[in-house]
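Just below is one structure, and these are the notes that go with it.
The values are calculated or read from the model by the stated rules, or taken from the named source; none is laboratory data. Since the structure is predicted, the reported quantities are computational estimates derived from the model, not experimental observations. The accessibility values were calculated without ligands, DNA or RNA, using every heavy atom of the protein model including side chains. Shrake-Rupley method; radii C 1.70, N 1.55, O 1.52, S 1.80 Å.
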Amino acid sequence: MDLALKGKRALVTGASRGIGRAIAATLAGEGVDLAICARGRQGLEETATSLRALGTRVVATAVDVREPGALGGWVSKAGAELGGVDILVSNVSTRVDPASPNWWRETFEADLQQHVAAFDATLPLLLASGAGSVVFISSVAAVLTQLPPYEIAYGAMKAALTSFAGRMATVHGPAGVRVNLVAPGPIFFEGGWWDGVRQRAPALFERAAGVSALGRMGAPEDVARAVAFLASPAAGYITGASLRIDGGMIRTVNF
């Protein structure tokens with residue numbers, strides 16, 4: 001299937017590793033010009049070099065998305081360098097240590113507020129595109145009531161992000177801006193969260209891997225391919241959707 005993405009311009013946050021890097025690589029392979037950001041400069045530059053080898057234009061900037069001024073400045077600069085923005089993939093996420101005295105506030109800033117800020121900053125460019133598309137990266141934690149204690153705040157913010165995405169799809173749909181969300185289950189990659197679990201608690205890792213109907217964890221590319229489709233004109237009549245990418249881990253009727 002031709003996703004009709006060639007020549008599109010996309011912003012991808014948190015693109016130096018894991019899911020974000022896989023998304024950026026998948027979009028680059030489809031001929032999308034990219035502006036990518038992450039906090040760590042070295043990993044970001046390594047990613048940018050690999051993406052440019054695919055023949056696409058890449059603008060890479062070290063940004064902490066939790067700083068609204070820095071995030072807004074990056075969006076403005078990236079839009080100018082790319083000549084516009086057609087796609088926003090808001091990917092950054094983290095798990096804040098629940099022992100922090102500011103656990104809930106820090107989780108709010110990391111897993112909800114920065115997504116809202118990225119959307120608000122990019123919206124004028126998406127409206128100017130005439131066919132803007134947004135994909136938020138959430139988690140199945142948004143719908144789970146049985147969460148580990150350290151994920152209670154994380155799950156609540158992902159649920160709020162799902163609600164926000166649906167509302168923005170309704171509000172901005174008449175102007176041609178589509179807003180969707182993907183909710184991954186356990187995704188494994190070296191250096192990632194589940195890699196740490198595998199090393200610290202291998203029995204827990206094996207149980208988590210066996211929860212899905214497919215009996216394994218997902219890979220970043222599993223998420224990236226779905227994101228590329230939702231972001232593309234091929235999904236032009238899809239908005240307000242929340243797509244679980246969990247290998248059948250959540251067993252409910254999904255309307």
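Every Cα-Cα pair in the chain was counted, and those over 29 Å apart are 25% of them. Note on the stretch 28-179: Cα-Cα pairs beyond 23 Å make up 42% of the total pair count. I'd like the orientation of helix 68-82 relative to the chain: the angle between its Cα long axis and the longest Cα principal axis, in ° from 0 to 90, rounded to 10. Around 50 degrees separate the two axes. Put PHE188, PHE119, PHE205 in order of accessible area, highest first, and with a 1.4 Å probe you get PHE188, PHE205, PHE119. When a 1.4 Å probe is rolled over the protein heavy atoms, the share of accessible surface on the stretch 66-122 that falls to carbon and sulfur comes to 53 percent. Computed over every Cα-Cα pair of the stretch 48-114 and binned at 5 Å starting from 0, the pair-distance distribution P(r) comes out as 3, 14, 19, 21, 16, 11, 8, 5, 2, 0 percent.
Among GLY173, GLY18, GLY79, the largest mean-square fluctuation in a Gaussian network model of the chain (Cα springs under 10 Å) belongs to GLY173. For the chain, the mean residue ellipticity at 222 nm estimated from helices alone is -13500 deg cm²/dmol, where every DSSP H run of n ≥ 4 contributes -39500 (n - 2.57) and the total is divided by all residues, rounded to the nearest 500.
Here the Gaussian network model covers the chain, with springs between Cα atoms less than 10 Å apart; of LEU112, LEU147, LEU11, LEU147 fluctuates the most. Dimensions of the stretch 151-255 from C-alpha coordinates, computed as largest minus smallest value along each principal axis and given longest first, are 49, 29, 29 Å. Per the Cα gyration tensor, the stretch 183-238 maps to an equivalent ellipsoid with semi-axes of 28, 12, 7 Å, ordered largest to smallest. Under a Gaussian network description of the chain, with springs only between Cα atoms under 10 Å, the residue in ALA78, ALA169, ALA235 that fluctuates furthest is ALA235. Solvent-accessible surface of protein heavy atoms, probed at 1.4 angstrom with all chains present, puts GLU190, GLU67, GLU81 in the order GLU190, GLU67, GLU81, largest first.
Under the rule a/c < 1.5 gives rounded, and otherwise a/b versus b/c splits prolate from oblate, where does the stretch 83-162 land using the Cα gyration tensor? Since a/c reaches 1.5 and a/b is larger than b/c, the shape of the stretch 83-162 is classed as prolate. The long axis of helix 41-52 is offset from the longest Cα principal axis of the chain by roughly 60 degrees.
Expected output is a single nm value to one decimal: the length gained when fully extending between VAL116 and LYS6, i.e. 0.36 nm times separation in residues minus the C-alpha distance. What is it?
Value of the extension gain: 36.9 nm.
Looking at the chain, the accessible area is 46 square angstrom per residue; that uses a 1.4 Å probe and ignores ligands, DNA and RNA. Full extension of the chain between SER76 and LEU54 yields a length gain of 5.4 nm, computed as 0.36 nm times the residue separation minus the alpha carbon distance.
Helix 220-231: angle to the longest alpha-carbon principal axis of the chain, degrees 0 to 90, nearest 10? So the inclination is approximately 40 degrees. With 0.36 nm allotted per residue and the present C-alpha distance subtracted, the TRP193-SER100 stretch has 31.6 nm of extension available.
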